[in-house]
Every structure is written in C-alpha cells, then in structure tokens.
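One structure is given here, and the rest of the page talks about it.
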Amino acid sequence: MGGRRNWDYRYTWIRDAAFTLYGLMRLGFTQEAAGFMTWLEARCRDAYAEQGLHVLYTVDGDAEIPESVLGHLEGYRGSLPVRIGNAASGQLQLDIYGEVMDSVYLFNKHGYPIGYDLWVALSRQLEWLENNWQEPDDGIWETRGGRQRFTYSSLMTWVAFERAQRIARQRGLPAPIDRWRRVADAAYVTVQRDGWNESRRAYVKYPGSNDLDASLLVMPLVKFAGPSDPRFLATLDQIDAELVSDSLVRRYETDGSDGLSDSEGTFNLCSFWYVEALTRAGRVAEARYVFEKMLTYANHVGLYAEELGPAGEALGNFPQAFTHLALISAAADLDRALEGHRCLPRLTQAGSSNAWAG
C-alpha cells in the first residue's frame with residue numbers, strides 16, 4: 001500500500017492467454033478453448049516476421065499500448081503513481097512462445113486438430129525464436145532493472161521446440177524437425193549448464209546470479225525435470241527455505257534488482273505452483289495442507305488477487321486470471337495424486353465460502 005508497483009492490466013497478455021487455453025482444456029471446455037484459439041491464431045498471423053509476437057494486446061488485437069502517468073489522481077490508499085497503458089508492451093519476453101506451444105499441443109491432442117494456416121503461423125514464430133532465443137530479455141516478471149538471460153526464458157524455449165516436434169510427429173505436419181531438435185537441445189543444455197548454480201545447489205534466476213526465482217517451480221510441470229530429479233528437489237528445498245513464508249511464496253527477493261525499491265506481497269500464482277511442485281515431488285500431504293490453506297485466502301466468492309499482504313489482505317490485480325488458472329492446475333494434479341493415496345480421503349470442497357470443489 002502506498003508503493004509504486006502500480007500497473008494497468010486491462011489487456012490480454014499472450015502468456016496468460018496461453019494458460020487460459022490450458023485451463024479451459026483441463027476443465028473440458030473445448031468449445032471455449034476453440035474460440036480462444038481463433039483469437040490466438042490472429043495474433044500469430046499479424047505478428048511481423050522480424051519482430052515476433054507482442055507481449056500483450058488490447059482485446060481487439062492492438063499492440064500499441066503506451067504507458068503514461070495520471071499525476072492528478074491518487075491510487076488506492078495513497079499508492080502512486082497512477083498509470084494507464086503498460087510499457088511491458090515494448091518489452092521482450094521470450095518465454096511466451098513456450099507457453100503458447102504447450103497450450104497448442106494440449107489443444108491439438110485433447111481438443112481439436114489445429115489447421116494448416118495456424119501451423120504455418122506458429123512455424124513462422126518458431127523461426128523467429130530460433131534466431132533470437134539467446135538474446136537477453138525482460139522475463140516473465142517484466143522486470144525494469146535491465147535485460148538478462150533469464151533461466152525461465154531458456155526453459156520455455158525448450159518447451160516451445162519440444163512441443164512443436166511432438167505436434168509435427170503426431171500429425172505428420174511439415175516441419176524442420178532436425179533444426180528444432182538442435183534448438184531444443186541447446187536450450188536444455190543452457191538451463192542445466194548456465195542456470196544451475198553448483199555452490200547454491202539450485203537453479204537460479206539467470207547465469208551468474210545467486211538469486212532464486214519461483215517461476216522455476218514449473219520445471220516438473222512442463223516435463224523438463226522429473227519429479228524426483230536431484231537438481232529440482234535441491235532447488236525446491238532452497239525455495240522452501242528462502243521464498244516461502246508460512247506456506248506463501250514470493251516471486252523473488254525484492255532487493256531493487258528488478259528496477260523498483262518497494263517490497264511486495266507473496267504471489268498467489270507462485271503459491272499454487274508450489275502446491276503442484278510439492279505434489280509431483282511426492283510431498284502430497286504437505287501439498288494438500290498448502291492448497292487448503294490457500295483456499296482460505298479467497299474472498300467470499302472464491303476469487304483471488306495477484307498478491308497477499310502481510311496480514312492476508314488482497315493486493316494487486318484483482319481478480320487475476322493467472323492465479324485462478326494455477327489453482328485449477330494445482331487442484332487437478334493434487335486430486336489425481338490423492339486418489340492414488342488410499343490413506344487420504346479424496347479432496348473435497350474446503351468450506352462453503354470457496355468456489356473450488358475437487
């Protein structure tokens with residue numbers, strides 16, 4: 001409250017859009033997923049070959065969203081400045097291609113086979129990524145402290161080309177499979193060689209850093225690391241020790257390296273990713289405890305803000321789609337794991353005030 005981390009979120013982020021598609025598929029809403037795929041296909045077609053996809057768009061597909069400050073207004077409880085527009089529209093966030101291709105892969109497998117025109121548009125985006133994935137970028141958290149070679153971005157580059165190969169093989173679609181395999185292999189080695197800090201015994205935010213990054217909790221979720229992989233388990237232990245407080249997870253240490261000196265709350269998205277990582281690591285009872293505790297932080301209709309403050313108050317974007325999509329994924333994965341643990345009862349609705357029932 002009273003801080004500077006105030007951003008205008010009245011737009012469609014490609015990353016969140018891809019997770020929306022994934023969430024719809026997990027819940028069986030294939031018709032809605034197909035409708036959303038039409039919007040995503042249009043953005044892929046519109047993207048310039050030399051530029052790639054934009055990070056965010058207006059609902060009608062415009063990518064020009066300049067940021068400005070309304071100095072005559074005061075935000076909630078004195079939070080300043082009040083901004084409209086979002087400068088993230090001009091950022092480079094290389095991870096978005098991995099999230100898009102993962103969701104397209106799931107749609108193609110569990111929804112409807114994708115059409116040729118969409119495949120051509122996606123292949124053009126992958127060609128751009130092939131030529132640019134090693135560039136420093138602004139990362140998933142849209143930091144304003146300068147571009148880095150973020151480990152998460154390399155991880156999602158691997159996802160993009162690994163999923164593209166799967167789609168091409170399953171459908172027999174034309175594709176430069178050998179080239180895609182080489183890029184996927186290079187991205188995989190980059191994460192393992194440069195993203196791993198041996199003295200830290202953890203994957204870190206970017207090569208040469210000592211900082212942890214909660215986005216790397218997704219490694220087993222995207223099949224990059226097995227749930228019992230020693231490196232991932234060591235990273236999970238480090239995140240437990242340094243980014244988790246009373247089961248709630250911070251994105252990273254807010255020490256000013258992201259371009260802002262203000263602190264922030266715990267990030268609900270990361271807390272649900274933490275649940276799923278614990279589940280996949282076999283720590284099912286702990287995952288259930290964290291999940292059911294997270295349910296108590298929803299409001300009276302089961303909705304979440306972006307963050308939680310020190311007293312459990314809602315902070316940031318509200319309601320935040322990303323958080324609810326992570327909740328869906330964590331709930332589905334935990335429910336499946338609990339069915340495999342006969343000693344534990346099946347996950348059910350945790351209180352009448354919460355919208356989710358297992």
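The values are calculated or read from the model by the stated rules, or taken from the named source; none is laboratory data. Note that the structure is a prediction, hence the values are computed from the model and not measured. Reconstructed Cβ throughout: ideal geometry from the backbone, glycine too, with neighbour counts over all protein chains shown.
Can you tell me how many residues within the stretch 155-208 are touching a helix residue (DSSP H, G or I) at 6+ places or on another chain (Cβ under 9 Å) and either among the acidic types (Asp, Glu) or closer than 23 Å to Glu242 by Cα (or both)?
Qualifying residue count, the stretch 155-208: 17.
Of the residues Ile96, Ile65, only one is under 21 Å from Glu127 (Cα atoms) and touching a helix residue (DSSP H, G or I) at 6+ places or on another chain (Cβ under 6 Å); which?
Of the residues listed, the single one that is under 21 Å from Glu127 (Cα atoms) and touching a helix residue (DSSP H, G or I) at 6+ places or on another chain (Cβ under 6 Å) is Ile96.
For the stretch 318-340, how many residues meet the condition of being aromatic (Phe, Trp, Tyr) and in contact with a helix residue (DSSP H, G or I) (Cβ under 9 Å, 6 or more places away or on another chain)?
Result for the stretch 318-340: 1.
All but one of (1) within 19 Å of the chain's Cα centre (by Cα); (2) buried (at least 18 other Cβ atoms within 10 Å of the Cβ) hold for Ala202; which doesn't?
(1)
Anything in the stretch 24-36 that is within 20 Å of the chain's Cα centre (by Cα) and surrounded by fewer than 22 Cβ atoms within 10 Å (Cβ to Cβ)? List them, or say none.
Met25, Arg26, Leu27, Phe36 - these are the residues of the stretch 24-36 that are within 20 Å of the chain's Cα centre (by Cα) and surrounded by fewer than 22 Cβ atoms within 10 Å (Cβ to Cβ).
Restricting to the stretch 163-176, name every residue that is free of Cβ contacts under 8 Å to residues at least 60 places away in the same chain and surrounded by 14 or more Cβ atoms within 10 Å (Cβ to Cβ).
Gln165, Ala168, Leu173, Ala175, Pro176
Does the stretch 38-45 include one or more residues that are farther than 22 Å from Val222 by Cα, outside any helix (DSSP H, G or I) and touching a Lys or Arg at 6+ places or on another chain (Cβ under 9 Å)?
no
Give me the helices (runs of 4 or more DSSP H) completely within the stretch 96-194, filtered to those with at least 3 residues that are more than 18 Å from the chain's Cα centre (by Cα), modelled with pLDDT of 95 or more and not hydroxyl-bearing (Ser, Thr, Tyr), ordered by residue number.
Per the criteria, 116-132, 151-171, 177-194.
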